[in-house]
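What follows is calculated from the coordinates using simple rules that are stated; it is not laboratory data. Since the structure is predicted, the reported quantities are computational estimates derived from the model, not experimental observations. Because the Cβ atoms are built from the backbone with ideal geometry, glycine has one as well, and the counts that use them run over all protein chains shown.
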Amino acid sequence: MGKTITEKIINAHMESGKYLPGEEIGIRIDQTLTQDATGTMAYLQFESMNLPEIRTNLSVSYIDHNTIQIGFENADDHRYLQSVARRFGIHLSRAGNGICHQVHLERFGKPGETLIGSDSHTPTAGALGMLAIGAGGLDVALAMAGKPFYLQSPKVFRINLLGKLSPWVSAKDIILKILSIFTTKGNVGRIFEYGGDGLLSLSVPERATIANMGAECGVTTSVFPSDDMTRRFLKAQDRGKDWSPLQADLDAVYDGETTIELSHLEPLAARPHSPDHISSVREIGPIPVQQICIGSCTNSSYKDLATIAEILRGKTVHADVSLIIAPGSRQVLENIIRDGYLTHIIASGARIMENACGFCIGNSQSPPSKSVSLRTSNRNFFGRSGTRDADIYLVSPETAVASALTGRLTDPRDLGATLPFISFPKKYHVDDGMILRPLETEERGKVEIVRGPNIGAPPRNNPLPDDIDGEVTIKVGDKITTDHIIPAGARMKYRSNISRYSQYVFEPLDRHFYKRALQIRDSGRQNIIIAGQSYGQGSSREHAALCPMFLGVKVVIAKTFERIHAANLINFGILPLIFQNGEDYEKINSGDLLQIPGIRDALKRCAPLQVSNITSGSAFPVVYELTDRQQKLILAGGALNAQ
């Protein structure tokens, strides 16, 4: 029986377990990446392991999220990250060098290797034929310490892309179509593997757009073959030696298969407030638009910006529109300058932002109140833009720039012009001057790690108690994201100060959660969270588990969990339980007193669990999906305690 690309990479990196349905496997990690919003805590956790240096082939620390320095906190964190990188042998991509996923694609990714990153869009590197997986910061810290990364043996779904895209239809429309098919829930434990003759016309940056937004489906990762298109990209990056071919065997067996005829696609958009709320641009109609943002790790490549520059050539942005352009990396910016594209963008009246995450994470460029903002980014969760009553639509760069010219949502095919052809450079201008390489080994021990007053040691949990005697501190609905649990944007500057950041847990949903949780914790009871389907969507931000742990949350009971967040809960000693009967969710209210007697002993024996609702005088069964390794982490109170 032939092998999929996924199987080939996993088998080459297997450290423990067997690739069998439902079995946990541990794989060796070649590369890690962090970004400054999650990396500070990851490196604090790595420090606590008392190792002299990293044990991966390559680890890169990127400063790309919190680059706006209002107050001292972000700047202090950046100094900490630089000193840690020099101390432990980590590459550092400085602020201004670009978004981690774009830069990693350009400068570090290698076909056939494994990568985990403390960012949910790490699968972007799957465009190069990597097995690239988003994870919590603690998992990344453990990988840097040479520990395996654990995951359930994935189910591999093949997505066949056939034919060729029509003019004005792009890779963004492919992934929006995939989101319309698979949605944002129900895909935990799956990997999307791409094939078909449609790949012959899709460049690596276009494949990266698709792999990037596969994260919104909730899959573990997305993987493309390493073929001639991959070779040409790496050669243009002056990294031809890093290329190696990697294809699925012709007789590979998949767990499912979907075919998409590229010529049948049309410009699509994700409507508010979910990436899977898909309609065609023409179905939505010509609604007035006030803001348009082009960039993010999804659509900020050379091709994306060169394309919009040609469409804007000789034209002016509509008077009612603020057009924001954020290149994905310094390399992208330098190359569109050298090739003359930036001139057309600036002349149109567009505003050029920093090579950073910026508007995508809600720390800048919030739209006007009650406005419509079109964005080429990957998430349009409620309130994520920083303006709670704004409507955010996710679109392709072509749709975005067409709408910028007309002042209303516009199918780019309606421009009546021929789509300009963009030829990729045979060789990009490459300048790695903003990447600090590791010091020589003998120099690392002399480096003093710099800590500002906002940086504290990661808190540790207590072991799981013998009994749970807790209160439902909050009850939430379906598709709760990590942004709901711990807000991004301006609040993220407290990411290294858990006691301060914890004050904002569930702030978008319930501003009184923090005080109520403290009262329950200080009374000697545990905090319990009740949730619906797909709890923990979105960012890999482990603070969505770490801060609730700090507030005394011991149990989350949900209908279903998303993969990264469930792993983060376990890593910090919070037990994820699943309703055996979904209707029991409806019978619980905030403030109910719940008990699970003998929980510690029951987990040791892998016995069934029953939750007693003392308030209503009822009981209901719950189930748990823990491997032997995860069970030990929960009993110990988290991975740091179990080391």
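Here the label points at residue 587 and residue 264, each 7 Å from Cα along the C-beta direction, are separated by 4.5 nm in the simple model.
Where does the charge balance sit around residue 116 when Lys and Arg score +1, Asp and Glu -1, over other residues with C-beta under 12 Å from its C-beta?
It works out to a net charge of -2.
The loop-placed trypsin sites (Lys or Arg not before Pro) in region 324-400, going by DSSP, that have at most 15 neighbouring Cβ atoms within 10 Å of their Cβ come out as 370, 388. Of all DSSP beta bridges confined to region 268-413, the antiparallel ones make up roughly 25%.
From the largest down, region 270-374 spans 38, 28, 25 angstrom on the principal axes of its Cα atoms. Cross-link partners for residue 185 among the aspartates and glutamates, with Cα-Cα distance under 17 Å and sequence neighbours closer than 8 places in the same chain left out: 216, 276, 478, 483, 562. Normalised by the number of residues in region 589-643, the mean separation of alpha-carbon contacts (under 8 Å, six or more apart) gives a relative contact order of 27 percent. Scaled to the globular estimate 2.2 N^0.38 Å, the Cα spread of region 5-264, given as radius of gyration, is 1.00.
Restricting region 370-463 to GluC sites (Glu not before Pro) that sit in a DSSP loop and have at most 14 other Cβ atoms within 10 Å of their own Cβ leaves 440, 448.
Normalised Debye scattering of region 531-590 at q = 0.15, 0.18, 0.27 Å⁻¹ gives log10 I(q)/I(0) of -0.42, -0.60, -1.14, counting only Cα atoms as equal scatterers and leaving out solvent. Per residue, the average separation of C-alpha pairs within less than 8 Å and at least 6 apart gives region 540-616 a relative contact order of 25 percent. When peptides 291-301, 272-282 are ranked by their average number of other Cβ atoms within 10 Å per residue, the highest-first order is 291-301, 272-282. When the Cα positions of 366, 336, 405 are compared along the charge dipole of region 268-413, 366 comes out farthest toward the positive end, with charges on each C-beta of Lys, Arg, Asp and Glu. Extension gain for residue 51-residue 580 works out to 186.2 nm (0.36 nm per residue, less the C-alpha to C-alpha distance).
For the chain, the fraction of C-alpha pairs farther apart than 36 angstrom is 35 percent.
The C-alpha radius of gyration of region 1-87, expressed as a fraction of 2.2 N^0.38 Å, stands at 1.46. In this structure, the pairs whose alpha-carbon distance is over 22 Å, taken from 164/235; 475/515; 18/147; 164/241; 177/235, are 164/235; 164/241; 177/235.
Going by neighbour counts of Cβ atoms within 10 Å, the residues 482, 34, 184, 441 line up, fewest first, as 441, 184, 482, 34.
How big is D, in µm² s⁻¹, for region 468-642 by Stokes-Einstein at 20 °C and 1.002 mPa s if Rh is the Kirkwood radius over C-alpha pairs?
Translational D for this selection: 134 µm²/s.
Per-residue ellipticity at 222 nm from helix content only, as computed over the chain with -39500 (n - 2.57) for each DSSP H run of at least four residues, stands at -8000 deg cm²/dmol.
Working from Cα pairs under 8 Å separated by at least six residues, relative contact order for the chain is 14 percent.
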